[in-house]
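To start, the structure under review is shown below, and the notes come after it.
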Amino acid sequence: MSHGALEEAHYRFPPSSAYALNHCLYAIKSDRAFAERYLADSDAAVAEMRLSEGERTDLRRMDRDALVARGAHPYLVFMAGLRLKMLAEPGSLEYF
Amino acid sequence: MLVGAFAVAHTPQLLIRPETEDRALVLRVHAAMRRVKERLEALRPDVLAVIAGDHVEAFFLDAVPALAVYVGRECAGTFGPYRYRLDIHEPLARAIVEQGIERGFDLLYTQDAKLDYAFYVPLHFVMPEPARPIVPLHVNVYLPPQPTPARCHAWGQALGEILRARPERVALIASGGMSHFPGTDRYASPEFEYDRGLLEALAEGRGRELARVTGEELDKRGNIELRTWITLLGAVGDARADVYCYEPSWHHGNAVVEWPVGDPA
């Protein structure tokens, strides 16, 4: 396996430089109380998360490509976004 | 003994449907899953062993196991408004850990990890009545480096041998697949033709060929979750797949498949 092939993979080794960012996405995805705080006031919710200003900006916009370029795991970006939508617009969903 | 083997899609839009999803397609997948439920009721398993890939729910970056077994009395999780709690068949779970390690597979076990929706979504639809206890079997699919397809297949072979030697009637269910690329720029363009080629091979009983695909190929084809299927294929050998459905949505190849495995009597 070449280094190049790894770099081109859709799902890559999560760099430790993006640990705080991935942890924040994980909290949005898996911690409902945190996701509710995030919806109410995203800046306050992420204040303790040690994110860079750029990470906060990309997160606020849920800018998938920018977040992934920073080392965010694509699945965490995807599901964090979906969970926020589920919380914000529960009436738009059909439950089975 | 092993009395049944199935693969079932688990995309969350099958459980919670946003307006973006074709309702008729979702209902067709539900119908295929209902066939699995009826089949399970006919096969009368004592326990369902479910192979799934955690979606960074039970295991975050504090510890990333390649292969894990949930051992304990019960397991629980949440997804949106769903709160689920399922009994674990502890004697079988413990036997799988002990015998798997004895056979050279360095399994992680947990008695306290959240159960991801990858386990729950199929069970929501296919759990026979009355409900059976489960054994959740985790294969890392989302956090690279994942176990190789060859390793998954070898673990599945060992798992099949362990299950066949047990007194319980066990149905094996692989959760996940087929092609999809969540969170990437390929989300709206999965590799449906690749999926169809795989299903043809599986219907011809050529499942062991999947042990030779590379991790890079699975990633390229949106099929990293097929590691759960490949694990199951190690257990079912050359059984021919009966494809209940293949329903490609705009972002996901939804498949429901059975491998008839031997005499269930």
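The values are calculated or read from the model by the stated rules, or taken from the named source; none is laboratory data. As the structure is a computational prediction, the values presented were derived from the model and not from experiment. Here Cβ is always computed from backbone atoms with ideal geometry, including for glycine, and neighbour counts include all displayed protein chains. For accessibility, only protein heavy atoms count, side chains too; no ligands or nucleic acids. Shrake-Rupley method; radii C 1.70, N 1.55, O 1.52, S 1.80 Å.
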Checklist entry - Taking the protein assembly as shown on its own, what percent of its Cα-Cα pair distances exceed 32 Å? => result 28
Checklist entry - Over the Cα atoms of the stretch B:167-220, Rg to Rh with Kirkwood Rh, two decimal places? => result 1.06
Checklist entry - Rg and Dmax of the stretch B:193-265, Cα atoms, in Å? => result 12.4, 41
Next on the checklist: Can you give me the Rg/Rh ratio for the stretch B:67-161, using Cα atoms for both radii and the Kirkwood formula for Rh?
Outcome noted: 0.97
Checklist entry - Considering amide H positions built from the backbone, and no H for Pro or chain starts, which residues 5 or more places from B:V141, or on another chain, come under 5 Å of its amide H? => result B:D54
Checklist entry - Using the alpha carbon gyration tensor of chain B, what are the three equivalent-ellipsoid semi-axes (square root of 5 times each eigenvalue), largest first, in whole Å? => result 24, 20, 20
Checklist entry - How large is the dipole of the stretch A:12-52 about the Cα centre if only Lys and Arg carry +1 and Asp and Glu carry -1, each at its Cβ, rounded to the nearest 20 debye? => result 240
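If a helix is a whole DSSP H run, which ones in chain B reach 20 Å or further along their own axis (Cα) and hold a mean Kyte-Doolittle hydropathy of at least -1.0?
Numbers: long enough: B:23-43 (30 Å, 0.01); B:149-164 (22 Å, -0.16).
Span-like helices here: B:23-43, B:149-164.
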Item to check | With every protein chain in place, chain A: carbon and sulfur % of accessible area (1.4 Å) | outcome: 52
Checklist entry - If you line up the long axis of helix A:74-88 against the longest principal axis of chain A, both from Cα atoms, how many degrees apart are they, to the nearest 10? => result 10
Checklist entry - Assuming a viscosity of 1.567 mPa s and a temperature of 4 °C, what translational diffusion coefficient in µm² per second does Stokes-Einstein assign to chain A, Rh being the Kirkwood radius over Cα pairs? => result 92
Item to check | Whole-number D in µm²/s for the stretch B:114-214 (Stokes-Einstein; Kirkwood sum over Cα pairs; 10 °C, 1.306 mPa s) | outcome: 98
Checklist entry - For the stretch B:53-128, with the dipole built from +1 on Lys and Arg beta-carbon atoms and -1 on Asp and Glu ones, taken about the Cα centre, which of B:L67, B:L115, B:V97 lies farthest toward the positive end? => result B:L115
Item to check | Nearby aspartates and glutamates by direct alpha-carbon distance to B:K37 (threshold 12 angstrom, same-chain neighbours under 8 apart not counted) | outcome: B:E129, B:E258
Checklist outcome for this item: In deg cm²/dmol, rounded to the nearest 500, the helical mean residue ellipticity at 222 nm of chain A, built from -39500 (n - 2.57) for every DSSP H run of length 4 or more, is -17500 deg cm²/dmol
Checklist entry - Magnitude of the Cβ-charge dipole of chain B, K/R +1 and D/E -1, about the Cα centre, nearest 20 debye? => result 400
Checklist outcome for this item: Rounded to the nearest 100 Å², the accessible area hidden between B and A, summed over both chains at a 1.4 Å probe radius, is 3200
